[in-house]
There are 2 protein chains.
Amino acid sequence: MLDFVILGFLYDSRLHGWELRTRISALTGHVRPVADGTLYPAIKRLVDATLVLKNIEAGSIAAPRHMLELSPVGESRLLRMLREPEEVYITDENHWFCLLAFLRHLEDPAAQAAVLKRRLKFLSTPASFFYDGDKPLSAEDLDDPFRRGVLEIARATSRTELQWLKKTIGELEDKGGRAAVRN
Amino acid sequence: MLDFVILGFLYDSRLHGWELRTRISALTGHVRPVADGTLYPAIKRLVDATLVLKNIEAGSIAAPRHMLELSPVGESRLLRMLREPEEVYITDENHWFCLLAFLRHLEDPAAQAAVLKRRLKFLSTPASFFYDGDKPLSAEDLDDPFRRGVLEIARATSRTELQWLKKTIGELEDKGGRAAVRN
DNA sequence: TGAGCATACCTCGGCGCCGATGTATTTTCC
DNA sequence: GGAAAATACATCGGCGCCGAGGTATGCTCA
């Protein structure tokens, strides 16, 4: 996921590692902080893979800064990851939020809508956290107040998100439709 | 997290690895499936650390099953992890839901309430996913519909969970109070 | 009877994450 | 003028995760 987020931020603007660290911390850091020892090797991998270009500039505040920039290869990689995200980006909320944070970089409204539809489909398939054999248990079936909480919270989130998904997919399809008419 | 979940399920009943796998898949599998190559080494580590006891029984359906059982050491480890969970169990929703799934094993309502209060405090400190410099951006500040979605959904979840937390903490404190009066 | 499937367990290599540690520069403040 | 803090980058060892592959058992059904 780190790779994806780095590419996402670099799509917007050239950044040095430290600034990248700040932005990633803002996006995912309250959940799980990013360690230096994770970020710099990740950058190095991306540079070695020529997805990211690096050139050194004099530091304005402290040590010389290594400015990072998305290469054309990196750009197309990012766009592919946005257009055809791996399953975990659809199912895991942390991944999903990162995906949403950069989905605007996909210019085509239809492609954006397609991604939202995958999430919609995932959220629509009934699933519980707890089962009695094969039977999914709902909040009412449980004595445990904490497990009931899990289900209540998950259900509320799911409801909100489904609403948002349907609304936004609608808007995107309107936009796509109008664009098609214009052509 | 896997270690924690294994201990949690074994607190309830003796299980063999396969059954454990089924339950873990139900709890966290729709988000991120558990691979065999992750589960069995994890069990092995726990057995080596004498947190879990293993003894082989004839398989009722297929191959001989390795029945797993929580040792007294494993039990106290689990209870400590519940009573004083690491920060990531408070901040990351996936971890937090796992914690909630087993929080009932902590018998003391005051200790349960203390854990919920940590989550309450975390959710109460304002945080955004996106910043303009130091200023956290709210949904209204954003043009990007997807980023706005992230904030809307996160906010709705947060609201629901805060309500549930307050309600449940109240109930636990009532219970604790009545128990204290009885003594 | 034997092919195929579900059950059940295990190992290994590759790779990524993380904490600890190190280095260097510049700003701040006493 | 010097200590401390913030900025900025990097490496390394340990360890956990994961996919791929392997072994074995027992049930089902043709």
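The values are calculated or read from the model by the stated rules, or taken from the named source; none is laboratory data. All values reported here derive from a predicted model rather than from experimental measurement. With ideal geometry, Cβ positions are generated from the backbone for all residues, glycine too; neighbour counts draw on all protein chains shown. Heavy atoms of the whole protein, side chains included, go into the accessibility calculation; ligands, DNA and RNA do not. Shrake-Rupley method; radii C 1.70, N 1.55, O 1.52, S 1.80 Å.
At-a-glance table
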read-out	value
Candidate set: the range B:114-151, residues that are within 9 Å of another protein chain (Cβ to nearest Cβ) and loosely packed, with under 14 Cβ neighbours inside 10 Å; chosen: the one nearest to A:L162 (Cα to Cα)	B:D143
Checklist (1) more than 14 Å from chain A (Cβ to nearest Cβ); (2) loosely packed, with under 13 Cβ neighbours inside 10 Å applied to B:E87, failing item	(1)
Flag if B:L82 is more than 7 Å from chain A (Cβ to nearest Cβ), modelled with pLDDT of 95 or more and closer than 30 Å to A:L137 by Cβ	yes
Index of the failed condition, B:K167 passing every other in (1) more than 8 Å from every other protein chain (Cβ to nearest Cβ); (2) surrounded by 17 or more Cβ atoms within 10 Å (Cβ to Cβ); (3) farther than 24 Å from A:L99 by Cα	(2)
Tally of residues being farther than 20 Å from A:A26 by Cβ and not in a loop (DSSP other than H, G, I, E, B) across the range A:83-113	10
Selection status of B:R80, in a helix (DSSP H, G or I) and surrounded by 14 or more Cβ atoms within 10 Å (Cβ to Cβ)	no
Any hit, the range B:35-44, residues being crowded, with 19+ Cβ neighbours inside 10 Å and away from DNA strand C (no atom under 13 Å from the Cβ)	no
Residue within the range A:134-150 that is part of a strand (DSSP E or B), within 16 Å of DNA strand C (Cβ to nearest atom) and farther than 30 Å from B:A101 by Cβ present	no
Helices (runs of 4 or more DSSP H) contained entirely in the range A:1-53, each with at least 2 residues that are touching a residue at least 60 places away in the same chain (Cβ under 8 Å)	A:2-12, A:17-28
Among (1) over 30 Å from A:N94 (Cβ atoms); (2) open to solvent by less than 70 Å² (accessible area, probe 1.4 Å); (3) part of a helix (DSSP H, G or I), the one test that B:E75 misses	(2)
Boolean, B:T28 is away from DNA strand C (no atom under 16 Å from the Cβ), closer than 30 Å to A:I90 by Cα, among the polar types (S, T, N, Q) and within 13 Å of chain A (Cβ to nearest Cβ)	yes
Selection from the range B:101-110 of residues that are surrounded by 17 or more Cβ atoms within 10 Å (Cβ to Cβ), of a type in the set (A, V, I, L, M, F, W, C) and under 18 Å from B:E173 (Cβ atoms)	B:L103, B:L106
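Yes/no per residue for (1) within 15 Å of DNA strand C (Cβ to nearest atom); (2) assigned by TED's automatic domain parsing to the domain that holds B:E161; (3) acidic (D, E); (4) within 22 Å of A:R148 (Cβ to Cβ):
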residue	(1), (2), (3), (4)
B:Y11	no, no, no, yes
B:H16	yes, no, no, no
B:T50	no, no, no, no
B:K54	yes, no, no, no
B:A63	yes, no, no, no
B:E69	yes, no, yes, no
B:V73	no, no, no, no
B:L116	no, yes, no, yes
